[in-house]
Structure formats: structure tokens, C-alpha cells
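This report refers to the structure that appears directly beneath it.
The values are calculated or read from the model by the stated rules, or taken from the named source; none is laboratory data. Bear in mind that the values here come from a model prediction, so they are computed numbers and not experimental data. All Cβ positions, even for glycine, are placed from backbone atoms using ideal geometry, and neighbour counts span all protein chains on display. When the accessible area is computed, the model is the full protein with side chains, heavy atoms only, and any ligands, DNA or RNA have been set aside. Shrake-Rupley method; radii C 1.70, N 1.55, O 1.52, S 1.80 Å.
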Amino acid sequence: MPLLNKVRTAVSGGPGGDTATDSLSRLRSALTLFFALDGFLFAGWVVRIPAVKQQTGASAGDLGLALLGVSAGAVITMTLTGRLCRRYGSHPVTVATAVLLSLSVALPALTRSPLALGLVLLVFGAAYGGINVAMNSAAVDLVTALRRPVMPSFHAAFSLGGMLGAGIGGLLAGSLSPTTHLLGLTVVGLALTAVAGPVLLRHPSPVLPETLATPAGPASAGTRARASRRTVVVFGVIALCTAYGEGALADWGALHLEQDLHAHPGVAAAGYSVFALTMTAGRLSGTALLERLGQTRTLVAGGATAAAGMLLGALAPTVWATLLGFAVTGLGLANIFPVAVARAGALAGPGGVATASTLGYGGMLLGPPSIGFLADWFSLPVALTTVAVLAAGAAAMGYWARNAGAERAS
């Protein structure tokens, strides 16, 4: 262990402890900014979906197909980003995908047909999937080097960025065209990348997976790998169920308020902002909640709370009751994804984190098109109740997997 500490210090920034600490602090600040930028750009796009839907003349089903471009681009990129991170490092890949995300966020406002919208969302989805895998890979290394459970703070930054992006978007929805608004997001994204990007490019990842490997016999390693793999998938599905709700509210929450409840566009845009606000508050207080309730109770209570909140948000007859439901849903979902990823990492190391994160973000990206198809077949309020069903399922799976990792810990 002393040798490991020396290696970690050297990689982090030099032979001196102060230099290493400063380097890690700068890396944490830069990564936090990228997480916030990701949420800010994504939310800035989703609050303009109703306007883009109108200018392209898309039906609910057409919009669902177009949004499938985000999912397809992200899934393809997620499978490739891991290889790119292994070859070039997670830091350069994070910077490159941030540039691509900033440029592609302006493209949807330039389209005039559902087909064109789907094609540009394919590019946007590729950038979004790539930056999320690269950022989380970099964050996993940094968390291990810091020896502190700071992963929820990164996800809180993403939520805070989403809240700001949705809030600003709501204020601008009535006065700026989608084209002007989204081009402004491009400028902001490139500017912030220019500020934080050099920090990542100057400093390599502080911890390599090989550094953290622990020796084990072939038989014990194989048995542990088989047992862990199944449970990692369970936690990945838990992350998927909860991220499905986040993606659904991001892309369809404003449309539900505006279309079904006839809310003003500014009020409708505030729906996701309220959701992001409570999710941010929940994640900022996540450490204290985990210390008080433990991981299993946090998962179960969060899933049950989100299910109740989403039933209210989907079926309430008034705008303000729906906003309350969205707020409760955000509070319930806040810490389920970070806990699921952390449990997967405890079972299988960085590989477990990667699997759970990929499944989770897959749920966020597959949720919106699924809601669109269900809205065409039934109605948008009925389609949104699937968020409650999956949140309840996440709570059940969290309870079922309450003893996961006990054998490894012993």
C-alpha cells in the first residue's frame, strides 16, 4: 500500500504531496464544469423541443422516431468511447466530445422536416453518449485517487447544469427563436470548453486500472467474476429504470404541460427546471442520506418516492399539481443512479462502473422515443406513467440485491 500511494502521488502531479493535491483539485474542478456543461446543453435543447416539433411539422410519433436518433447515436458511440479512452486517455476524449456536443446542439433548430431532425439528432446523440462515458471514466479514476466518495458531486453538477439550462431556456422561450437560443448555447459550450479543456489535457488520469488490480487465484477470480457479473447487470438495470424517467421528463415533460394542460411555454419549460432543482438538492444531500439510511434503504425509498411523484405528475389535472409531481419525482430519483453505479463498482471495479453507466444512460436515451410511441398508441399522460412503473421496479430490485457484495466484502 505505501508503494501504491507513491505511484498515485507521482501520477497525480509530482513528487510533492502539495503538487499532487493541487493537481487533483484542478482536475476535480474541471471535470465538475464538464458535467455541468453537459447538463446545461442537454437541458437547453430539451426545453426547445415543442418549438422544434412545431417548425418541423412532426407528429408525436414522428418526434419519437427523430428522438430515436439521439439514442442510436449515443449507443453506437458508447460502445466505441471506451476503446478511445483506453487508447488516447479519457481526458482528451472528454474535451473532443465536449466540442462536438457544443457544435451539434445548434443543429436541430436548423431543420425543417422530421427526417432532417432525426439525422442531426444522430450526431447530437453521438456527442452526448461519448462525453458521458468519457467524463464518468475520468471521474472514476479521480474518485479512486482522492479516496473520497465524491461521485455524487459530479452528478449534482450535471443536475445543476440542467436546472440552469432549463431555467434560462424557459425565460428565453418567449423572446428568442430556437435558432438564436441554440446557437447561443454553442458559443457558451465552446467558451467553457476552452476554459476547462486545457486542465484535462495537461494532466493525465491520476489512476490507471492496472494500478488498482489486486492479485487473486484463477479459481477465486473466476468465481467472483461470474457472481459479480450477474449482480452488476442488476444494478445496471436499476440505473436504467431511473434514468428512463430522467430522459422522459427531459424530452416530454414540457410538452405534457403545454399540450395536455395548456400551460404557457415559459411555465411548461419550468417543468424540467423544477425536476432538475429537486434532483440537484437530493444529490447534494446524498452523502448525509446514505450515512443515515444506508444504500438499500436509499434505493427503496427513492424508488417509491419517485413512483408516487410521477403518478401525480402524469395524471394530475392542473399545472401546479403536475409541477409538484415532477419535483417529488426528481427528489426520489436523485441518488438511485449514483448508488447503483457505486454498488456496481464495488462489485467489479471500473468495469462494473462502465457497465452500469452504459445501461443507465441507455435508459435515459431510450425513454423519450418509447414515450413517443406509447403516446401515439394511448396518450402522453398514460405513457408517462411508465416512469412510475419502472421507478417502483428499481425499488424492488434494490431490495432484492440488498446483500450483493457481502461475500466479497467478507
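A few notes on this one:
- Hey, Val70 crowded, with 21+ Cβ neighbours inside 10 Å, touching a Leu at 6+ places or on another chain (Cβ under 9 Å) and among the β-branched types (Val, Ile, Thr) or not: yes
- Sole residue being at pLDDT 85 or above and under 21 Å from the mean Cα position of the chain (by Cα), chosen from Leu201, Leu185, Leu107, Leu119: Leu185
- Out of Gly286, Gly302, sole residue that is touching a residue at least 12 places away in the same chain (Cβ under 8 Å), of a type outside the set (A, V, I, L, M) and crowded, with 24+ Cβ neighbours inside 10 Å: Gly302
- Some residue of region 158-165 being over 21 Å from Glu246 (Cβ atoms), in contact (Cβ under 8 Å) with a residue 60 or more places away in the chain and not charged (D, E, K, R): no
- Test: residue in region 215-222 that is in contact with a helix residue (DSSP H, G or I) (Cβ under 8 Å, 6 or more places away or on another chain), at pLDDT below 85 and either part of a loop (DSSP other than H, G, I, E, B) or surrounded by fewer than 22 Cβ atoms within 10 Å (Cβ to Cβ) (or both): yes
- Criterion applied to Leu41, Leu63, Leu33 was being at pLDDT 85 or above, open to solvent by 50 Å² or more (accessible area, probe 1.4 Å) and not polar (S, T, N, Q), and the one residue passing it is Leu33.
- Residue within region 164-178 that is in contact with a His (Cβ under 9 Å, 6 or more places away or on another chain) and of a type outside the set (A, V, I, L, M) present: yes
- So Val52, is it in contact (Cβ under 8 Å) with a residue 40 or more places away in the chain, within 21 Å of Ser137 (Cβ to Cβ), not small (Gly, Ala, Ser) and not in a loop (DSSP other than H, G, I, E, B): no
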